[in-house]
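Heads up: the structure comes next, in structure tokens.
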Amino acid sequence: MKYKLKKELKTVFDAPAPARKEEFINLLEYPKANRLDFFISQIGYIRKRVWILSLLLFIGTLIGLYFSGASYSFVWVVSSVLPFVSLVTISEIARSITYNMDELEMSCKYNLLEVSLIRIGILGVVNLAVFIGILLLLSGKTDLGFIRLGIYLSTPYLLNCYGSLFVINRSKSRDTVYICGSVTALVSILNSLISIRIYDIYTERNRMFWAIAFIMFAVLSLKEIVKFIKRMEDLKWNSSLTA
Amino acid sequence: MSLSIHDQYDKIYKYCYFKVKDKQTAEDLTQETFLRYFSQKSYINKGKPLAYLYTIAKNLCIDFYRKSGKDERLNEEVPANDEVTAFETSYAVKQAVSTLPVELQEMLLLRYANELSINEIAQIMNISRFSVYRRLNKALDLLKGVLRKEDFNEI
């Protein structure tokens, strides 16, 4: 009875239709949100797990450094965990696409491409902040230089970005996030195995291997990002034509 | 505003209509509410809590009664049948609601018709969240008491 009653109460207070609504709203000069407001509002839509995981990784690094000191083994542990931070980011991007945000786009001042790019930008800044924080902490504790350490940590991360974006650009099913999760796990395990099996992987001898891998994955990731943007633009056109 | 201005217009209008029971006046007060809401320059980019919009509407309705010399309490009935029969609402529930004190009616409107949160209602009514819960439950209990179960089942 209570449910029925609440349902009835929705309409009990209905008033006659207003006569001058459209005219008033069209003439009303109410302040519209600017770019900064839009940017800030998008932060609120990013799920808590992104912030929590980023924070956990950062705290984990601090604890790891405190207890074990920096060593090569710690470098590969961190570089194997970093792809999971990018997974959370990727899952945020995939969510926008797989849950048909393009429908929402049509009623918004900003289109899906802008919304997606703003979110990617925010998440990229968060990832970069975590990454630089970890890099600063580790570089002081190891004899590896800042740049070398940066390459060691970012290469698996970039590989994961490339793999996940590759999946997103070619799939629109709701399982995309799970496929991205599998890619991340694969990258992480691969990174761990290589680091354990090849004992001198972080030495000067393999400098070229790391440099090539870093550049290659950076270029491939960039290519996928460009493809992603183009795809969003196509979506915008499709929506316009079918609206 | 975070929510559509079209939606909010309808809701504020519904609220004003509940208060003044006159279509023309309700719409004037609704428009005045929005003009005042957006005239606050300090909130241009930050937005204002939704409760503020209702507070303006509420104060405007009070001013209206003060100026016209009418007594708000005399107008406790829910919109009369002739104007609202077009709407598919139960006559029995409408009658039952009209027997409640006006404060409880207002609370039911804000909560169930305009779908405000408990927190927002507490801000508008200037009471605690606990009081809102308590009064809403009281209103529902009173309604259930007024409505005979068999009557209500026919809805």
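The values are calculated or read from the model by the stated rules, or taken from the named source; none is laboratory data. The structure displayed is predicted, hence computed values, not measured ones. Cβ coordinates were reconstructed from backbone atoms using ideal geometry, including for glycine residues, and neighbour counts include every protein chain displayed.
Key figures for this structure:
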{"read-out": "Top-ranked residue of the range A:196-239 - restricted to ones that are at pLDDT 80 or above and small (Gly, Ala, Ser), ranked as surrounded by the most Cβ atoms within 10 Å (Cβ to Cβ)", "value": "A:221"}
{"read-out": "Scope the range A:11-51; condition modelled with pLDDT of 80 or more, among the small types (Gly, Ala, Ser) and surrounded by fewer than 13 Cβ atoms within 10 Å (Cβ to Cβ); matching residues", "value": "A:17, A:19"}
{"read-out": "Some residue of the range A:131-150 being touching a helix residue (DSSP H, G or I) at 6+ places or on another chain (Cβ under 8 Å), assigned to a helix (DSSP H, G or I), crowded, with 20+ Cβ neighbours inside 10 Å and among the hydroxyl-bearing types (Ser, Thr, Tyr)", "value": "no"}
{"read-out": "Subset of the range A:171-198 [outside any helix (DSSP H, G or I) and under 22 Å from the mean Cα position of the chain (by Cα)]", "value": "A:171, A:172, A:173, A:174, A:175"}
{"read-out": "Tally, over the range A:83-113, of residues that are over 23 Å from residue A:159 (Cβ atoms) and modelled with pLDDT of 70 or more", "value": "1"}
{"read-out": "Residue selected from the range B:96-136 under the condition more than 23 Å from residue B:53 (Cβ to Cβ) and either among the small types (Gly, Ala, Ser) or more than 10 Å from chain A (Cβ to nearest Cβ) (or both), by the criterion surrounded by the fewest Cβ atoms within 10 Å (Cβ to Cβ)", "value": "B:130"}
{"read-out": "Residues (of a type outside the set (Ser, Thr, Tyr) and part of a loop (DSSP other than H, G, I, E, B)) located in the range B:91-111", "value": "B:100, B:101"}
{"read-out": "The listed residue being among the hydroxyl-bearing types (Ser, Thr, Tyr), within 15 Å of the chain's Cα centre (by Cα), assigned to a helix (DSSP H, G or I) and at pLDDT 75 or above, out of A:54, A:80", "value": "A:54"}
{"read-out": "Scope the range A:1-16; condition farther than 18 Å from residue B:100 by Cα and at the interface with another protein chain (Cβ under 7 Å from one of its Cβ atoms); matching residues", "value": "A:1, A:4, A:15, A:16"}
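Okay, residues lined up against (1) over 25 Å from residue A:205 (Cα atoms); (2) touching a residue at least 60 places away in the same chain (Cβ under 8 Å):
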residue	(1), (2)
A:116	yes, yes
A:119	yes, yes
A:122	yes, yes
A:125	yes, no
A:128	yes, no
A:135	no, no
A:142	no, yes
A:145	no, no
A:150	no, no
